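Q: First, the structure itself, so that you have it in front of you.
The values are calculated or read from the model by the stated rules, or taken from the named source; none is laboratory data. These numbers were taken from a predicted model, which means no experiment stands behind them. Counting neighbours? That spans all protein chains shown, and the Cβs are built from the backbone with ideal geometry, glycine included.
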Amino acid sequence: MLARVRTAALAGPAARPIVVEVDLARGLPAFHLVGLPDGAIRESRDRVLAALTNCGFDAPLRRITVNLAPADEPKFGTGFDLPIALAILVADGRVASENGEAIAALGELGLDGRVRPVRGALPAAAALAALGARQILVAPENAGEAALVEGLAAIPAPSLRDAVDHLSGLARIEPAAKPRGEARLAAEGDWADVRGQTEARRALEIAAAGFHNVLLVGPPGAGKTYLARRFPTILPPLAPAEALEVTSIHSAWGRLAPDRPLLRRPPFRAPHHTISTAALLGGGSPPRPGEVSLAHRGVLFLDELPEFRRDALEGLRQPLEDGEVTIGRAARTCRWPTRFLLVGAMNPCPCGWWGEPSKGCKCSGIAHQRYRTRLSGPLLDRIDLHVHVRPVEYESLEAEGEPASSSDEVRGRIEAARIRQEMRNGVGVWNARIDPLDPESECGLDRDGRALLRSSHVRLGLSARGHVRVLRVARTIADLKGTETIDSEQLSEALQYREVKATGPREEGGPAS
């Protein structure tokens, strides 16, 4: 007898539907698995047979042939255990199901028949729902994320026996409730905790409003890391569609917490500078997301930026420009989304004190030049805001005047600015991503602003990319102020963020000879 059960296999951030076909034929007992399975799937033979026996089902004494269709595409993972076991029971008449193809399942089986969670339950459920599936059997740990798919009932089956009883109508399992998303974490702190640093706080507010990349340059202890760690508290929550997109990536990564299956807060990723290129950009077989994809719709914070591997930093250029990274392997090519906000932090020189008269730079000219060249010009050109973070004066730490704006206040201004952007650019298109054919006219630049931009173009040596990015930042500054036209003052503020390079302030000091 032939039976079919539907499931899905990961293909990057999405999943593709798979049909598990089982045929029970006469002959000596055997178990054959075809359809380009990987090693983990080939081992499912022993897990499935042990699970059937330990759940009270005798394995059919027939020739069992299992096909994973389409058979010309490689399959990975352990999520095929449960659908294979159910297809065998349907083919053997053990499951009272009039149409086995109506069953959708995903899960790994333990030898005792327990259903264990797997990676990618959310994209798998979405792929199956698109084909008309109305319910899916998954592990209880995967039920929350699968329940996020509209029109699909996620059935949390603790064991193979429970799944069979549910399908046979002997003991119905209630579908998992749709989760609301995680709550805001109190341990994040508040934007008002930052003392002083008026210029840096202003730049980061602009960055959050328009989703602009920012580089913080300053001596040790100036507060660069502290600012970056507080930065996520001013970011607005993700829209429903964005939340599902981000959650799908983390589901495919396999690190989605069962108690927080829906990510409503923008992700914040802060890898160490010793990270490999594959871990940063993505890789492996099958391809898995890197930090640039895990930070999608959120923040990627790279502290001590020049200390990262040169090839890893250069690999950021395409994700920053295109918003996606392509990972090619012999069996498959995957595209992962990478629309993240880059926050970099670095010292102005190896010792960190260039431009600070109170300390004095001890670096030689050669060491300083070598440190500068660790960041290439094309990479720096893709960073909209270059901010010099100066040490906080003692008076600012002890001041008891009017407190700085709280995270809620700043977030309110950012949300208002983003509403203006969506009305002008479209839903979810922030100023950092607009690419008009005529940036000056599209951004509403007045006559004085055009003259200022023309004179600054030669003085600062702006590239064509830098020209457009200055206009984008100026457009965000105008949106924060609530104006439709960019005036010369707003353009001047945008231009000053291009003047501060990664080597520190121009007007102060220099490296030791």
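Q: Is there a residue being in a loop (DSSP other than H, G, I, E, B), outside the structural domain of L244 (by TED's automatic domain parsing) and closer than 21 Å to G284 by Cα anywhere in segment 27-38?
A: Taking segment 27-38 and keeping what is in a loop (DSSP other than H, G, I, E, B), we get 27-29, 35-36, 38.
With the extra rule that they be outside the structural domain of L244 (by TED's automatic domain parsing), the set shrinks to 27-29, 35-36, 38.
The next check asks that each one be closer than 21 Å to G284 by Cα; those that pass are 36, 38.
Yes, some residue in segment 27-38 is in a loop (DSSP other than H, G, I, E, B), outside the structural domain of L244 (by TED's automatic domain parsing) and closer than 21 Å to G284 by Cα.
Q: Also: Does segment 323-338 include one or more residues that are crowded, with 17+ Cβ neighbours inside 10 Å and outside any strand (DSSP E or B)?
A: yes
Q: Collect the residues in segment 118-142 that are touching a residue at least 40 places away in the same chain (Cβ under 8 Å) and either among the basic types (K, R) or not assigned by TED's automatic domain parsing to the domain that holds A9 (or both), keeping them in residue-number order.
A: R119
Q: Among (1) touching a helix residue (DSSP H, G or I) at 6+ places or on another chain (Cβ under 7 Å); (2) under 26 Å from P140 (Cβ atoms), which single condition is I64 missing?
A: (2)
Q: Kindly indicate whether any position in segment 172-194 is crowded, with 24+ Cβ neighbours inside 10 Å and closer than 30 Å to C351 by Cα.
A: Here is the first cut: in segment 172-194, the ones crowded, with 24+ Cβ neighbours inside 10 Å are none.
No, that holds for no residue.
Yes/no per residue for (1) in contact with a Pro (Cβ under 8 Å, 6 or more places away or on another chain); (2) at pLDDT 95 or above; (3) under 30 Å from G466 (Cα atoms):
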residue: P158; (1), (2), (3): yes, yes, no
residue: D162; (1), (2), (3): no, yes, no
residue: P179; (1), (2), (3): yes, no, no
residue: R184; (1), (2), (3): no, no, no
residue: G196; (1), (2), (3): no, no, yes
residue: L204; (1), (2), (3): no, yes, yes
residue: A209; (1), (2), (3): no, yes, yes
residue: P220; (1), (2), (3): no, no, yes
residue: K224; (1), (2), (3): no, no, yes
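Q: Among the residues in segment 205-226, are any within 30 Å of G344 (Cβ to Cβ), among the hydrophobic types (A, V, I, L, M, F, W, C) and over 27 Å from the mean Cα position of the chain (by Cα)?
A: The initial filter retains those residues of segment 205-226 that are within 30 Å of G344 (Cβ to Cβ), namely 205-226.
After this cut, where a residue has to be among the hydrophobic types (A, V, I, L, M, F, W, C) as well, the list is 206-209, 211, 214-217, 222.
From what's left, over 27 Å from the mean Cα position of the chain (by Cα): 222.
The answer is yes, given that some residue of segment 205-226 is within 30 Å of G344 (Cβ to Cβ), among the hydrophobic types (A, V, I, L, M, F, W, C) and over 27 Å from the mean Cα position of the chain (by Cα).
Q: Right, something else. Any residue that is within 24 Å of G144 (Cβ to Cβ) and surrounded by fewer than 16 Cβ atoms within 10 Å (Cβ to Cβ) - is there at least one of those in segment 279-299?
A: No, segment 279-299 contains no residue that is within 24 Å of G144 (Cβ to Cβ) and surrounded by fewer than 16 Cβ atoms within 10 Å (Cβ to Cβ).
Q: Considering each of E395, E402 in turn, give the residue that is assigned to a helix (DSSP H, G or I) and at pLDDT below 80. Talk me through it step by step, then tell me what you get.
A: Working: E402 fails: assigned to a helix (DSSP H, G or I).
None of the other options fit; the residue is E395.
Q: Tell me the helices (runs of 4 or more DSSP H) entirely within segment 186-304 that contain at least 3 residues that are among the small types (G, A, S), in the same structural domain as H388 (by TED's automatic domain parsing) and within 25 Å of R119 (Cβ to Cβ).
A: Values: elements: 198-210, 224-230, 240-253, 277-281, 291-294.
Qualifying helices (runs of 4 or more DSSP H): 240-253.
Q: If you don't mind, there's one more thing I want to ask. Mind listing whichever residues of segment 472-489 are modelled with pLDDT of 90 or more and crowded, with 22+ Cβ neighbours inside 10 Å?
A: R472, V473, A474, R475, T476, I477, A478, D479
Q: Would you confirm, using the coordinates I've provided, whether P378 is surrounded by fewer than 21 Cβ atoms within 10 Å (Cβ to Cβ) and either in a loop (DSSP other than H, G, I, E, B) or of a type in the set (S, T, Y) (or both)?
A: On the way: surrounded by fewer than 21 Cβ atoms within 10 Å (Cβ to Cβ): yes; either in a loop (DSSP other than H, G, I, E, B) or of a type in the set (S, T, Y) (or both): no.
Here the answer is no, as P378 does not meet what is asked.
Q: Now a separate question. Quick check on segment 144-153. Is at least one of its residues under 22 Å from the mean Cα position of the chain (by Cα) and on the phi > 0 side of the Ramachandran plot?
A: No, segment 144-153 contains no residue that is under 22 Å from the mean Cα position of the chain (by Cα) and on the phi > 0 side of the Ramachandran plot.
Q: Turning to a different aspect of this structure: On the basis of being of a type in the set (A, V, I, L, M), touching a residue at least 12 places away in the same chain (Cβ under 8 Å), in a strand (DSSP E or B) and more than 17 Å from L33 (Cα to Cα), does V115 make the cut?
A: Values: of a type in the set (A, V, I, L, M): yes; touching a residue at least 12 places away in the same chain (Cβ under 8 Å): yes; in a strand (DSSP E or B): yes; more than 17 Å from L33 (Cα to Cα): yes.
In short, yes.
Q: Would a scan of segment 78-93 turn up a residue that is on the phi < 0 side of the Ramachandran plot and surrounded by fewer than 17 Cβ atoms within 10 Å (Cβ to Cβ)?
A: Here is the first cut: in segment 78-93, the residues on the phi < 0 side of the Ramachandran plot are 78-92.
Narrowing the set further to residues that are surrounded by fewer than 17 Cβ atoms within 10 Å (Cβ to Cβ) leaves none.
Checked against the condition, which is being on the phi < 0 side of the Ramachandran plot and surrounded by fewer than 17 Cβ atoms within 10 Å (Cβ to Cβ), segment 78-93 yields no hits at all.
Q: With respect to A133, is the statement that it is at pLDDT 95 or above and closer than 30 Å to P240 by Cα true? Steps first, please.
A: Numbers: at pLDDT 95 or above: no; closer than 30 Å to P240 by Cα: yes.
No; evaluated as a whole, the condition is false for this residue.
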